[in-house]
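A.B. asks: Starting off with a structure, shown below.
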Number of protein chains: 2
Amino acid sequence: MTARALVDGHATGMVPLDDRGLRYGDGLFETIRIDAGRPVWWEAHLERLARGCAVLGLDMPPPVLLADELAQLCGSDHGVLRLLLTRGGAARGYAPATAAPVRRILVLSAAPPVAAAPLVLGWATLRLGIQPRLAGLKHLNRLEQVLAARECAALGTDECLLLDAEGAVTCGVAGNLFIVGNGRLRTPLLDRCGVAGTCREWILRTHAGAREERLDSTAVDAADELFLCNSVRGILPVGQLGARRLPVGALTRALMQRLADEQPALRHPLLAAAGRAAG
Amino acid sequence: MTARALVDGHATGMVPLDDRGLRYGDGLFETIRIDAGRPVWWEAHLERLARGCAVLGLDMPPPVLLADELAQLCGSDHGVLRLLLTRGGAARGYAPATAAPVRRILVLSAAPPVAAAPLVLGWATLRLGIQPRLAGLKHLNRLEQVLAARECAALGTDECLLLDAEGAVTCGVAGNLFIVGNGRLRTPLLDRCGVAGTCREWILRTHAGAREERLDSTAVDAADELFLCNSVRGILPVGQLGARRLPVGALTRALMQRLADEQPALRHPLLAAAGRAAG
């Protein structure tokens, strides 16, 4: 599939040079798995967009308009929808116009393949800057992730874990982290930086006892099971962190199965086809 | 003047939706004053771009190519050139392609007017995240500045001063800060965040004894003179910070005069025409 796109409802592959998304990263995005035309976790994506709009002072477009444009673009296809909201091009300089019209950009692409092998992780040396005003949001300022992805490439790992400036474990480069220790499922608090992902939210909602906590690297190094997760690839078990090998444990496997039952598009290839029971 | 633009040497006002500048803010920019076709502090802008390219892993375009495109776009006009380098659209996901071609975007606009009145400043409540890897660079991740500009608008001030996450004074929203106290000229160290501006650099080079230091807000509140500066408006004296009024003092005025003598395009309207002596 070649990418298809709509900008403010019009089929085009271009955006004006004065768009504040390009000039300043002044906007938000969502990366949404599309399963036969149906957006996975649509409500959660809309809720995060609305939170982001409130923080940035953008007018959230009507959800029904976004849903219409999604339907027009995606039909009954599979893929990944990238939905951007930028502050458009109304004002020059950092100060936005008071009633800037939000620009809606929707791009549909093929879903990336997920390898069957558990992830090999390293630790990035880059530390995420602490910015509580933007913590949890999926905004367009993602240079830290780009630099961390370059570290992964240099290390030769599938992914890297990131600490924040004060040394708290925060996330992977393109996914949230969960750790299992003493049978407890925990994920880093995202009140200082990081993106609060929709798959992370599904897990917190689904698994009784899952907790958000401030975690340091020793807790991660001592974990019995680890996994990353995101809205496009679902739950990605970790098989190795640095030199240490980890099993794909029972709790991780049970969550992967539950996710596959609820959202077949996010079924991980590690799960045997026979395991595909009704949820 | 309506904006004119070149993208990779071609006259166009658009950029593809997959541009990583739009997707992630994966790029750099310079805002350059153009005086009758001549770029002010061109070498300093190129040096900062080259530093940024090294940090982001971008191939710096040949300066002669950028100079040619600048000449083609600007002719003998006056204005402000916005020069962006983005990582183009070669790769999807945060990880950049290993040999991504850099996209060159040049946009020429009219220079903004400078008011004769000294600036009224407030303090922003937003604190800049600490990210030493990106400190000093003029990269495209500028949401903190957008949020701070919204604070200025709400306060009704011309500009706001920003602290970093550890409480050190860093800069204005769109300019660097200098303070004068006991006859000494100082500006915040920019090793943790902030943009190392070309006008700031000119002042550090020009004024013997000007120093970079870690400054806290009490030093700023106690200063005898304050000014902001940037590459487009030059030196902007501060007449009020919060409730406190400040004079446009002798040291500030002398620097404004020296700048006007060297770069007439950056002459502040406060300076009497009679003061325009040879530098």
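The values are calculated or read from the model by the stated rules, or taken from the named source; none is laboratory data. Fair warning: this is a prediction, and the values are worked out from it, not measured in the lab. Virtual Cβ from ideal backbone geometry, glycine too; neighbours counted across all protein chains shown. What goes into the accessible areas is simple: the full protein's heavy atoms, side chains included, and nothing from ligands, DNA or RNA. Shrake-Rupley method; radii C 1.70, N 1.55, O 1.52, S 1.80 Å.
A.B. asks: What tally of residues in segment A:180-197 results from selecting those that are part of a loop (DSSP other than H, G, I, E, B), surrounded by 14 or more Cβ atoms within 10 Å (Cβ to Cβ) and touching a residue at least 60 places away in the same chain (Cβ under 8 Å)?
C.D. replies: Counting residues in segment A:180-197 that are part of a loop (DSSP other than H, G, I, E, B), surrounded by 14 or more Cβ atoms within 10 Å (Cβ to Cβ) and touching a residue at least 60 places away in the same chain (Cβ under 8 Å) gives 4.
A.B. asks: Against the definition (within 14 Å of chain B (Cβ to nearest Cβ), open to solvent by less than 30 Å² (accessible area, probe 1.4 Å) and not β-branched (Val, Ile, Thr)), how does A:Leu162 come out, yes or no? If you could, list the steps in order and put the result at the bottom.
C.D. replies: Numbers: within 14 Å of chain B (Cβ to nearest Cβ): yes; open to solvent by less than 30 Å² (accessible area, probe 1.4 Å): yes; not β-branched (Val, Ile, Thr): yes.
When the stated conditions are applied, A:Leu162 passes them.
A.B. asks: Out of curiosity, is B:Gly52 on the phi > 0 side of the Ramachandran plot and surrounded by 18 or more Cβ atoms within 10 Å (Cβ to Cβ)? Break it down into steps so the answer makes sense when it comes.
C.D. replies: Values: on the phi > 0 side of the Ramachandran plot: no; surrounded by 18 or more Cβ atoms within 10 Å (Cβ to Cβ): yes.
Considered against the rule, which asks whether it is on the phi > 0 side of the Ramachandran plot and surrounded by 18 or more Cβ atoms within 10 Å (Cβ to Cβ), B:Gly52 comes out as no.
A.B. asks: Take A:Ala223 and decide whether it is more than 20 Å from the chain's Cα centre (by Cα), part of a loop (DSSP other than H, G, I, E, B) and buried (at least 20 other Cβ atoms within 10 Å of the Cβ). Walk me through it before giving the result.
C.D. replies: Working: more than 20 Å from the chain's Cα centre (by Cα): yes; part of a loop (DSSP other than H, G, I, E, B): yes; buried (at least 20 other Cβ atoms within 10 Å of the Cβ): yes.
Against the criterion (more than 20 Å from the chain's Cα centre (by Cα), part of a loop (DSSP other than H, G, I, E, B) and buried (at least 20 other Cβ atoms within 10 Å of the Cβ)), A:Ala223 qualifies.
A.B. asks: For segment A:126-141, which positions are at the interface with another protein chain (Cβ under 10 Å from one of its Cβ atoms) and in a strand (DSSP E or B)?
C.D. replies: Listed by number, the residues that qualify are A:Leu126, A:Arg127, A:Leu128, A:His139.
Okay, residues lined up against (1) modelled with pLDDT of 95 or more; (2) away from chain A (no Cβ under 12 Å); (3) more than 21 Å from the chain's Cα centre (by Cα); (4) over 30 Å from B:Thr252 (Cα atoms):
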| site | (1), (2), (3), (4) |
| --- | --- |
| B:Glu47 | yes, yes, no, no |
| B:Ala50 | yes, yes, no, yes |
| B:Pro62 | yes, yes, yes, yes |
| B:Leu66 | yes, yes, no, yes |
| B:Ala90 | no, yes, yes, yes |
| B:Ala100 | no, no, yes, yes |
| B:Leu106 | yes, no, no, yes |
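A.B. asks: Please specify each residue of segment A:20-32 satisfying the condition of being within 7 Å of chain B (Cβ to nearest Cβ), more than 16 Å from A:Met60 (Cβ to Cβ) and not in a helix (DSSP H, G or I).
C.D. replies: A:Gly25
A.B. asks: Exactly one of these conditions fails for B:Leu58: (1) within 14 Å of chain A (Cβ to nearest Cβ); (2) surrounded by fewer than 21 Cβ atoms within 10 Å (Cβ to Cβ). Give me its number.
C.D. replies: Unmet for B:Leu58, out of (1) within 14 Å of chain A (Cβ to nearest Cβ); (2) surrounded by fewer than 21 Cβ atoms within 10 Å (Cβ to Cβ): (2).
A.B. asks: If I filter segment B:68-88 down to residues being in contact (Cβ under 8 Å) with a residue 24 or more places away in the chain and exposed (fewer than 15 other Cβ atoms within 10 Å of the Cβ), which single residue comes out as farthest from the other protein chains (Cβ to nearest Cβ)?
C.D. replies: Going through segment B:68-88, the residues in contact (Cβ under 8 Å) with a residue 24 or more places away in the chain turn out to be B:69-88.
Within this subset, residues satisfying the condition of being exposed (fewer than 15 other Cβ atoms within 10 Å of the Cβ) are B:71-72, B:75-76.
Numbers: B:Ala71: 19, B:Gln72: 16, B:Gly75: 19, B:Ser76: 23 Å.
Filtering segment B:68-88 for residues that are in contact (Cβ under 8 Å) with a residue 24 or more places away in the chain and exposed (fewer than 15 other Cβ atoms within 10 Å of the Cβ), the one farthest from the other protein chains (Cβ to nearest Cβ) comes out as B:Ser76.
A.B. asks: When the residues of segment B:108-125 are filtered to those that are hydrophobic (A, V, I, L, M, F, W, C), under 30 Å from B:Ala243 (Cβ atoms) and over 16 Å from the mean Cα position of the chain (by Cα), which remaining residue is nearest to the other protein chains (Cβ to nearest Cβ)? Break it down stepwise before answering.
C.D. replies: As a first pass, look at segment B:108-125 and keep what is hydrophobic (A, V, I, L, M, F, W, C): B:108, B:110-111, B:114-117, B:119-121, B:123-124.
Filter once more, so that each one left must be under 30 Å from B:Ala243 (Cβ atoms): B:114-117, B:119-121, B:123-124.
Next, from what is left, pick out any that are over 16 Å from the mean Cα position of the chain (by Cα): B:115-117, B:119-121, B:123-124.
Values: B:Ala115: 14, B:Ala116: 19, B:Ala117: 18, B:Leu119: 14, B:Val120: 15, B:Leu121: 15, B:Trp123: 15, B:Ala124: 11 Å.
Residue satisfying both the conditions and the ranking: B:Ala124.
A.B. asks: Please go through segment A:33-44 and give me each residue that is open to solvent by 10 Å² or more (accessible area, probe 1.4 Å) and in a loop (DSSP other than H, G, I, E, B), ordered by number.
C.D. replies: A:Ala36, A:Gly37, A:Trp41
A.B. asks: Could you check how many residues of segment A:72-90 are of a type in the set (Lys, Arg) and assigned to a strand (DSSP E or B)?
C.D. replies: We begin by selecting, within segment A:72-90, every residue of a type in the set (Lys, Arg); these are A:82, A:87.
Next cut, assigned to a strand (DSSP E or B) only: A:82.
The total comes to 1.
A.B. asks: For A:Val114, state whether it is touching a residue at least 24 places away in the same chain (Cβ under 8 Å) and crowded, with 19+ Cβ neighbours inside 10 Å.
C.D. replies: Values: touching a residue at least 24 places away in the same chain (Cβ under 8 Å): yes; crowded, with 19+ Cβ neighbours inside 10 Å: no.
Judged against the criteria, A:Val114 is not a match.
A.B. asks: Tell me which of these A:Asp8 doesn't satisfy, since it passes every other one: (1) surrounded by fewer than 21 Cβ atoms within 10 Å (Cβ to Cβ); (2) under 22 Å from the mean Cα position of the chain (by Cα); (3) within 14 Å of chain B (Cβ to nearest Cβ).
C.D. replies: A:Asp8 satisfies every listed condition except (2).
A.B. asks: List every residue pair whose Cβ atoms sit under 7 Å apart, with the two residues 6 or more apart in sequence or on different chains, where the first one lies in segment A:198-209 and is surrounded by fewer than 23 Cβ atoms within 10 Å (Cβ to Cβ) and the second, anywhere, is in a helix (DSSP H, G or I).
C.D. replies: Listed pairs, sorted by first residue: A:Glu201/A:Ala44; A:Ile203/A:Leu255; A:Thr206/A:Arg258; A:His207/A:Leu255.
One line per residue, one yes/no per condition, for (1) more than 24 Å from B:Lys138 (Cα to Cα); (2) more than 15 Å from the chain's Cα centre (by Cα); (3) among the small types (Gly, Ala, Ser):
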| site | (1), (2), (3) |
| --- | --- |
| A:Arg127 | no, yes, no |
| A:Ile130 | no, yes, no |
| A:Leu137 | no, no, no |
| A:Leu140 | no, no, no |
| A:Gly156 | yes, yes, yes |
| A:Cys160 | yes, no, no |
